[in-house]
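Below is one structure, written out as structure tokens; the observations come after it.
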Amino acid sequence: MPDGMAPTPTRAPVQRAPFDAAVFGVVVFITTELMFFAGLLSAYNIARGRVPMSIWPPPDQPRLPIESTAVNSSFLLVSGVLIWLAVRSLRGRSSSALRLAVAGWLAGALFVGLQGREWVSLLAQGLTMQKSTHASFFYLIVGTHGLHAVGGLLALGWVVQRLMRGTATLSQLRAASVFWAFVVLIWPMIYVMVYLG
Amino acid sequence: MSNAAPTATAPHAHEPGHAPDGHSHDHHDHHAPQSFFQKYLFSTDHKMIAQQYMWTGVAMALIGGFLAYAFRMQLAFPDKWIPGYGYMSSLEYNTAVTNHGTIMIFWFAMPVLIAAFGNLLIPLMIGCDDMVFPRINRLSYQIFLLSAIILISSFFVKGGGFNGAWTAYPPLSANAEYNMAGTGSTLWVLAVALEFVAFLLGGINFITTAMSARAPGMRLWDMPLVVWMIVIASILFMASVGPLIAGAVMLLFDQNFGTFFFNPERGGDPVLWQHLFWFFGHPEVYVVLLPAMGMSGDIIAVFSRKKIFAYKTLLYTVFATGIISFFVWAHHQFIAGIDPRMANIFTVTTLIISVPIAEMCFLFIATLYGGSIRLTVPMLWALSFVAEFLLGGVTGIFLGASGADIYFHDTYFVIAHFHYTFVPIAVIGFFMGFTFWFPKMYGKMLNETLGKIHFWITILGFNMIFIPLFFTGMWGDHRRIYNYSHFPELHRVALQDLRIVATVGLLIMISAQAIFLFNVIKTFRAKQENPGPNPWHSNTLDWSAPSPPPHGNFAELPTVFRGPYEYSHPERESDFWPQNEPPPGSST
């Protein structure tokens, strides 16, 4: 509104904004991200299809920690649920939104930290990116997902910080949570294809 | 929301929801005097960002054009001294062709057609004050500028610029032992990846703005063609670029970190890159084609004073093109060793995609039929766009047929074919949009006579370059040879003469651009009366804003009452009916 001027409506305000532009923008962005991971995963599958099943992953390299990663993954899934609940409670103007969001953020951060520890131990066992095509794809795909998780945590952390000061809007939390949902939901596919495949 | 002080603040009636982080209001303090950098580098105004994209793109086109000049001279007069360049080695030749292709597609066609015209036209044509995410928009241009700087700097590092062709097929692109340009290749991949990030941010803005910030009364089916087409092109880009970014990351790792995603000796797959590249590369053709198509449609409607023939059908063909464009990519790989049965399928899809494109051309012709055609400069460009693009499309049929492609693959026939698509798209598309919206952008009119001279010489030069190349291609000229005198079967007088004709055509086309620059500079310097907001008597909302549009575009945000193409309505005195003109008898 211009300073010192009262609004003089000329016609009934048109009801617009059928959707939240910030969320919509993130959804459009996720389309690209989805295709990006689709590219990575299909490249992985093409490379896997070139060799006999018996040497994929190559038998002479350290085995991927399937079990501990499954445990780690549960933290990520829990985090996704907590963030979703945080959005719901902020929409319902409930006071628990901040607690839920913080808990969700911590669970997500725990996932990233545990996965990082796993990488360190794999590298210590001699599984480097140059070891085999399988190892290259493993680090590339899981690392890319890790970067996305870090990005999602940064976005969520920014919203949490605003929630603490009481300046966060529902739209902001929603936009961050939609991206986080993408990070959470793409992970099971990666786990099944890369760890179990 | 407020019309009490119509010019003081950009109205916000249509600002939907909230900006992602609540900071979209910074583009309103336009009364404060702005420094040069604030105004030209850090502006969030969509029109300024459009200008930035446009002139950066034109500057890059000059570099790309210079590279074309250098290597065409080398081809016509092998190993002779090239004025303005010097002697050209084989390595430099490969660098020149690689970067000519890269620059013209990624740093000229994309920024000018999508980013510049998208930024300029979408808010103006849908009647809102700015993009939904102005700061993301500004970031988009800054990243784009950075990518351009990185690409240019790659020419000057040790080993020179990247020389593995714009398609960057491994193992040539992946291994510095083969391409002898380690740093240059890495910078090239980096620049391309950054450029994609820039357009990703732009695309998010275009789609979101067109979907959520339209003026009251404007339905989706009331949007002008060019807005539709830029939105669909953005969707195509966003959906297709992911796999290429994945491939680019893998290529970067192969180049620098000793992985072997594309190295067959160690379990990688070089054809994998081709799949990832062309999965993007083919939709990319339509990403740049559609905005040019949309502009030509709008311009043809204005200058034939007729409604676009079958507006909705036209859009359905665009949707069809967009969908089919994801299923044709392997027609670039017929001789890369893919399964012939797969080649058959891709032949069929490739032939199918020509149907909606042909349909679009027919609808434009039907729009012209019976219209009162005015051959202004923008109209000439729009008509030539359809005509020349048609030649590119028709020759594409030969290449899309997997049998014929075995012979034509990697010959100059391919070069001529895709230049008959890309030159109309990028060069003609730019001139078409620039001459048509010049009065809107700058509040002045270009000289029509100079414009027509420029048009005819450019078109003459363009055809003179590429018609001979169809013939040399059919006679077997391979496209990646820098000196044909090393190949006795290709070093014939007749063939060499055709190569010289093509080079002369290029010289004509380049020198014609001096007329264009002269015309623009003369118009900028001349004192000229403002032609008013709507010199072409067009219907769309952009022409209801003042020329040039101020910050916030419209004094009062418009309301839309009808579609964009109501020309020559039988019950009206004037032959146009602006979208925002209230219907007769309404109280406002």
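Residue pairs whose Cβ atoms lie under 7 Å apart, separated by 6 or more positions or on different chains, with the first residue in the range B:403-420 and in contact (Cβ under 8 Å) with a residue 12 or more places away in the chain and under 24 Å from B:Thr102 (Cα atoms) and the second in a loop (DSSP other than H, G, I, E, B) and among the aromatic types (Phe, Trp, Tyr), are B:Asp405/B:Phe334; B:His409/B:Phe334. Considering the conditions (1) open to solvent by 70 Å² or more (accessible area, probe 1.4 Å); (2) of a type in the set (Ser, Thr, Tyr); (3) modelled with pLDDT of 55 or more, B:Thr7 is excluded by exactly one of them, (3). Has the range A:139-154 got any residue that is facing chain B (nearest Cβ under 10 Å), under 18 Å from A:Arg63 (Cβ atoms) and crowded, with 19+ Cβ neighbours inside 10 Å? Yes: the range A:139-154 contains one or more residues that are facing chain B (nearest Cβ under 10 Å), under 18 Å from A:Arg63 (Cβ atoms) and crowded, with 19+ Cβ neighbours inside 10 Å. Entry remark, the range B:76-96: residues being on the phi < 0 side of the Ramachandran plot and either crowded, with 23+ Cβ neighbours inside 10 Å or without any contact (Cβ under 8 Å) to a residue 12 or more places away in the chain (or both) number 8 in total. Being at pLDDT 90 or above, under 20 Å from B:Ile126 (Cα atoms), out of contact with any His (no Cβ under 8 Å at 6 or more places or on another chain) and within 7 Å of another protein chain (Cβ to nearest Cβ): is that true of A:Gly25 here? Answer is yes for this residue.
Looking at the range A:123-134, which of the residues that are surrounded by fewer than 21 Cβ atoms within 10 Å (Cβ to Cβ) and assigned to a helix (DSSP H, G or I) is nearest to the other protein chains (Cβ to nearest Cβ)? Checking each candidate, the answer is A:Leu123.
Kindly establish whether A:Ala17 is modelled with pLDDT under 90, within 9 Å of chain B (Cβ to nearest Cβ) and either open to solvent by 50 Å² or more (accessible area, probe 1.4 Å) or part of a helix (DSSP H, G or I) (or both). Criteria not met by A:Ala17.
Residues considered: B:Leu390, B:Leu399. Of these, the only one that is in contact with an Asp or Glu (Cβ under 6 Å, 6 or more places away or on another chain), touching a residue at least 24 places away in the same chain (Cβ under 8 Å) and assigned to a helix (DSSP H, G or I) is B:Leu399. If you filter the range B:170-213 down to residues that are of a type in the set (Phe, Trp, Tyr) and out of contact with any Phe, Trp or Tyr (no Cβ under 9 Å at 6 or more places or on another chain), you find that the one that is nearest to the other protein chains (Cβ to nearest Cβ) is B:Phe206. Please verify whether the range B:135-144 includes one or more residues that are surrounded by fewer than 17 Cβ atoms within 10 Å (Cβ to Cβ) and under 30 Å from B:Glu92 (Cβ atoms). Checking the range B:135-144: not a single residue is surrounded by fewer than 17 Cβ atoms within 10 Å (Cβ to Cβ) and under 30 Å from B:Glu92 (Cβ atoms).
For the range B:462-475, does any single residue satisfy the condition of being within 30 Å of B:Ala404 (Cβ to Cβ) and free of Cβ contacts under 8 Å to residues at least 24 places away in the same chain? Checked the range B:462-475: at least one residue is within 30 Å of B:Ala404 (Cβ to Cβ) and free of Cβ contacts under 8 Å to residues at least 24 places away in the same chain.
Screening B:Gly281, B:Gly247, B:Gly242, B:Gly267 for residues that are within 14 Å of another protein chain (Cβ to nearest Cβ), more than 27 Å from B:Asp575 (Cβ to Cβ), open to solvent by 20 Å² or more (accessible area, probe 1.4 Å) and of a type in the set (Gly, Ala, Ser) leaves exactly one candidate, B:Gly267. Can B:Leu557 be described as buried (at least 19 other Cβ atoms within 10 Å of the Cβ), over 30 Å from B:Lys307 (Cα atoms) and among the hydrophobic types (A, V, I, L, M, F, W, C)? For B:Leu557, the condition - buried (at least 19 other Cβ atoms within 10 Å of the Cβ), over 30 Å from B:Lys307 (Cα atoms) and among the hydrophobic types (A, V, I, L, M, F, W, C) - is not met. Has the range B:389-400 got any residue that is under 22 Å from B:Ile428 (Cβ atoms), exposed (fewer than 15 other Cβ atoms within 10 Å of the Cβ) and of a type in the set (Val, Ile, Thr)? Taking every residue of the range B:389-400 in turn, at least one turns out to be under 22 Å from B:Ile428 (Cβ atoms), exposed (fewer than 15 other Cβ atoms within 10 Å of the Cβ) and of a type in the set (Val, Ile, Thr).
Out of all the residues in the range B:328-350, which are more than 20 Å from the chain's Cα centre (by Cα), aromatic (Phe, Trp, Tyr) and assigned to a helix (DSSP H, G or I)? B:Phe346, the sole residue that qualifies. Within the range B:159-177, the presence of at least one residue that is over 30 Å from B:Phe554 (Cβ atoms) and part of a helix (DSSP H, G or I) is confirmed. Of the residues making up the range B:254-264, those that are surrounded by fewer than 20 Cβ atoms within 10 Å (Cβ to Cβ) and facing another protein chain (nearest Cβ under 7 Å) are B:Phe257, B:Gly258.
This table checks each residue for (1) surrounded by 14 or more Cβ atoms within 10 Å (Cβ to Cβ); (2) in contact with a strand residue (DSSP E or B) (Cβ under 6 Å, 6 or more places away or on another chain); (3) more than 21 Å from A:His148 (Cα to Cα).
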residue	(1), (2), (3)
A:Ile55	no, no, yes
A:Pro59	no, no, yes
A:Pro62	yes, no, yes
A:Ala70	no, no, no
A:Ser74	no, no, no
A:Ser79	yes, no, no
A:Trp84	yes, no, no
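Can you find even one residue in the range A:163-171 that is surrounded by fewer than 16 Cβ atoms within 10 Å (Cβ to Cβ), in contact with a Phe, Trp or Tyr (Cβ under 9 Å, 6 or more places away or on another chain), part of a loop (DSSP other than H, G, I, E, B) and within 13 Å of chain B (Cβ to nearest Cβ)? No - not one qualifying residue is present in the range A:163-171. Consider the range B:214-239 and keep the residues that are under 23 Å from B:Phe434 (Cα atoms) and open to solvent by 10 Å² or more (accessible area, probe 1.4 Å). The one that is nearest to the other protein chains (Cβ to nearest Cβ) is B:Ile232.
Within the set A:Ala109, A:Ala175, the sole residue that is farther than 16 Å from A:Pro65 by Cα, small (Gly, Ala, Ser), in contact (Cβ under 8 Å) with a residue 12 or more places away in the chain and more than 14 Å from every other protein chain (Cβ to nearest Cβ) turns out to be A:Ala109. State whether the residues of the range A:180-192 include one that is surrounded by fewer than 18 Cβ atoms within 10 Å (Cβ to Cβ), within 13 Å of another protein chain (Cβ to nearest Cβ) and closer than 30 Å to A:Pro52 by Cα. No: the range A:180-192 contains no residue that is surrounded by fewer than 18 Cβ atoms within 10 Å (Cβ to Cβ), within 13 Å of another protein chain (Cβ to nearest Cβ) and closer than 30 Å to A:Pro52 by Cα. Which of the residues that make up the range B:476-500 are free of Cβ contacts under 8 Å to residues at least 60 places away in the same chain and either among the hydroxyl-bearing types (Ser, Thr, Tyr) or in a loop (DSSP other than H, G, I, E, B) (or both)? Within the range B:476-500, B:Ile481, B:Phe487, B:Pro488, B:Glu489, B:Leu490, B:His491, B:Arg492 meet the criteria. A search for C-beta distances below 6 Å between a residue of the range A:33-57 that is more than 7 Å from chain B (Cβ to nearest Cβ) and closer than 17 Å to B:Ala248 by Cα and any residue that is hydrophobic (A, V, I, L, M, F, W, C) and open to solvent by 20 Å² or more (accessible area, probe 1.4 Å), counting only pairs 6+ apart in sequence or on different chains, returns A:Leu41/A:Met193.
The values are calculated or read from the model by the stated rules, or taken from the named source; none is laboratory data. The model shown is predicted, which means the values in this text are computed figures rather than measured ones. Note that each Cβ is placed from the backbone with ideal geometry, even for glycine, and that neighbours are counted across all protein chains shown. Protein only, heavy atoms only, side chains kept; ligands, DNA and RNA dropped before computing areas. Shrake-Rupley method; radii C 1.70, N 1.55, O 1.52, S 1.80 Å.
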